[in-house]
Amino acid sequence: MIYTFPEKFLWGAATAAHQVEGNNVNSDLWVLEHVKPTLFVEPSLDACDHYHRFEEDIRLLASLGLNTYRFSIEWARIEPERGVFSMAALDHYRRMLAACLENDVIPMVTFYHFSSPRWFAAMGGWEKSPAADLFVRYCERTARSLGDLIAFASTFNEPNLPMLLRWVTHIEVPFTTALLMGKKAARAVGSGNFGCFFLGNAQKLQEVMIAAHHGALIALKSGPGSYPVGVNVAIQDEQAVGLKSKRDQKCAEVYDPWLAAADRSDFLGVQTYTRGRVGKGGDLGPEQGVELTQMGYEFWPEALEQCVRYASARVRVPIYITENGIGTEDDTRRIEYIDRALAGLKNCLADGIDVRGYIHWSLLDNYEWIYGYRPKFGLVAVNRQTQQRTAKPSAHYFGEIARCNGLRARATAPVSVD
Ligand code: BGC
């Protein structure tokens, strides 16, 4: 072993409700997926049917050697109508939490991962004044039912994403389609409004969500159980290119407000995939000729080390890596990515940075939002017709690291699992 991670280090994989559960019909995203025109290349439909197959998936995760499962609970299922809470949905998530504990898996629960109930969108979403209070009430009610089984809770998944997307100027956004999609969705829910996480005013949304986060921190601690509560922030390894780069302005706008919020919480979740190159006019996009992932961004596992360093200079709370991974059909690239990312993490730990876990994105090949099912982020492949799961070599490779809580001499070729 060339490096051993700290004792009790968390090794896990993550999913998000809308991306894996299937038939999340009461959510705003389901509406957006089905109107015409839409930005979504295909609808989520059955997804990975995780709603019914969670036991098998949690057993599989544990059998790989992982000790943590990060998943999200679906607000649209728990509160299908404003103020109406579903006991059946809460029971479902209790069973998921219990399945984790039965398999010696630590459950890390995200309360909001991009999707909202239809009624919330119809009301205007995050930009309307009751939004923060409504989210806090959902957290309070849910924590009352589930709190005794939760080990970690995050209020939001990447609440800074809309601010980050404002900087992505090198990718053409079909604004007319987005606008029409929103209008059609409003009509579909019988409202003049359709406020969703991905559409609308990012600055306003940020203000409301920060307020909601702080309210939810208290609400999540008001019930049974006792667990740390944090927030998971999307961070890129931002690099300045040329004179007068706007890199620092970008970081100040996109990351720092949420890192300040995390600093007033119990932990920070760092989620990173790639680097950003920022010039004097904003984001430049990847350089010509570099290796790109299925998402069109650069293969850059070194982002993990740089993002942890950036974040740790701004927060005093412990850091968990709550997402890191790669969309690729070539599983050997996933292994290389994990290897290099973890080498960077080891450097951070060697410098005394308090990182307590690494949760890979994702457990399953799942529904990648507007891109549909094409990008493959999973450690485990899912057959779209039969729903059969098949662990990829990277799953076994990563599981082995988790089992021995350490890195062996850097593998130059993927280890064989046969
Ligand atoms: C999100 C995930 C997504 C992943 C890969 C993150 O931004 O939290 O839901 O699937 O990136 O694109």
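Shape class of the stretch 292-393 from the Cα gyration tensor (axes a ≥ b ≥ c, square roots of the eigenvalues): prolate, since a/c reaches 1.5 or more and a/b is larger than b/c. Note on surface exposure: 11, 167 rank 167, 11 by accessible area, highest first, 1.4 Å probe.
Based on protein heavy atoms only, the chain ends up with 39 Å² per residue of surface accessible to a 1.4 Å probe. Take residue 221: with every protein chain present and a 1.4 Å probe, its accessible area is about 100 Å². What a 1.4 Å probe finds exposed on the stretch 314-418 is 48% carbon and sulfur by accessible area, rounded to a whole percent. Stretching the chain fully between residue 204 and residue 23 yields a gain of 62.1 nm (0.36 nm per residue, less the alpha carbon separation).
What the phi angles of the stretch 176-182 give under the Karplus curve with 6.51, -1.76 and 1.60, with θ = phi - 60°, is a coupling list of 4, 5, 4, 5, 5, 4, x Hz, glycine and proline written as x. Go ahead and run the numbers for FRET between residue 63 and residue 280, Cβ-Cβ distance against an R0 of 56 Å, rounding to 0.05. Using R0 = 56 Å, I get an efficiency of 0.65.
Note on the chain: antiparallel DSSP beta bridges, both residues inside, total approximately 20 percent of the bridges counted. Computed over neighbours whose Cβ is under 12 Å from that of residue 164, the net charge equals -2, Lys and Arg +1, Asp and Glu -1. For the stretch 54-170, the carbon plus sulfur part of the accessible surface works out to 50%, probe radius 1.4 Å. A rounded overall shape is assigned to the chain, the ratio a/c of its alpha-carbon gyration tensor axes (a ≥ b ≥ c) being less than 1.5. Length gained on full extension, residue 371 to residue 187: 63.8 nm, using 0.36 nm per residue less the C-alpha separation. Taking 28 Å as the cut-off for C-alpha to C-alpha distance, list the pairs among 36/128; 36/392; 346/376; 183/221 that go past it. Those over the limit are 36/392; 183/221. Between amide H atoms placed 1.01 Å from N, distances below 5 Å from residue 46 occur with 23, all of them 5 or more places distant or on a separate chain. Here residue 280 is the anchor, and the lysines within straight C-alpha reach of less than 24 Å, apart from those fewer than 8 places off in the same chain, are 244, 246, 250. Amide H to amide H distances under 5 Å link residue 168 with no residue, where only residues 5 or more positions off or on other chains count and H is placed in the peptide plane.
With each label modelled as a point 7 angstrom along the Cα→C-beta vector, the residue 390-residue 81 pair spans 4.6 nm. The accessible-area ordering, largest first, of the residues 84, 241, 229 stands as 84, 241, 229, per a 1.4 angstrom probe.
Within straight-line reach of residue 204, meaning a Cα separation under 15 Å, sit the following aspartates and glutamates at least 8 residues removed in sequence or on another chain: 127, 253.
For residue 218, the solvent-accessible surface with a 1.4 Å probe is about 130 Å², rounded to the nearest 10.
From the alpha carbon centroid of the stretch 12-53 to that of the stretch 209-235 is 25 Å. Database remark: amide H of residue 360 closer than 5 angstrom to the amide H of 12, 13, 14 (H placed geometrically; neighbours at sequence offset of 5 or more, or on other chains; Pro and chain starts carry no H). The phi-based Karplus calculation (6.51 cos²θ - 1.76 cosθ + 1.60; θ = phi - 60°) puts the 3J(HN,Hα) values of the stretch 54-68 at 4, 5, 4, 5, 5, 4, 5, 4, 5, 5, 6, x, 7, 10, 9 Hz, whole numbers, x for Gly and Pro.
Give me the net charge of residue 48's neighbourhood, meaning all other residues with Cβ under 10 Å from the Cβ of residue 48; Lys, Arg count +1, Asp, Glu -1. It works out to a net charge of -2.
Go ahead and estimate [θ] at 222 nm for the chain from helices alone: -39,500 (n - 2.57) per DSSP H run with n ≥ 4, summed, over the residue count, rounded to 500.
Values: 15 runs with 165 residues, N = 418.
Roughly -12000 deg cm²/dmol at 222 nm, from the helical runs in the chain.
The values are calculated or read from the model by the stated rules, or taken from the named source; none is laboratory data. Given the structure is predicted, the values throughout are model-derived calculations rather than measurements. Counting neighbours? That spans all protein chains shown, and the Cβs are built from the backbone with ideal geometry, glycine included. Surface areas here come from the heavy atoms of the whole protein model, side chains and all, with no ligands, DNA or RNA. Shrake-Rupley method; radii C 1.70, N 1.55, O 1.52, S 1.80 Å.
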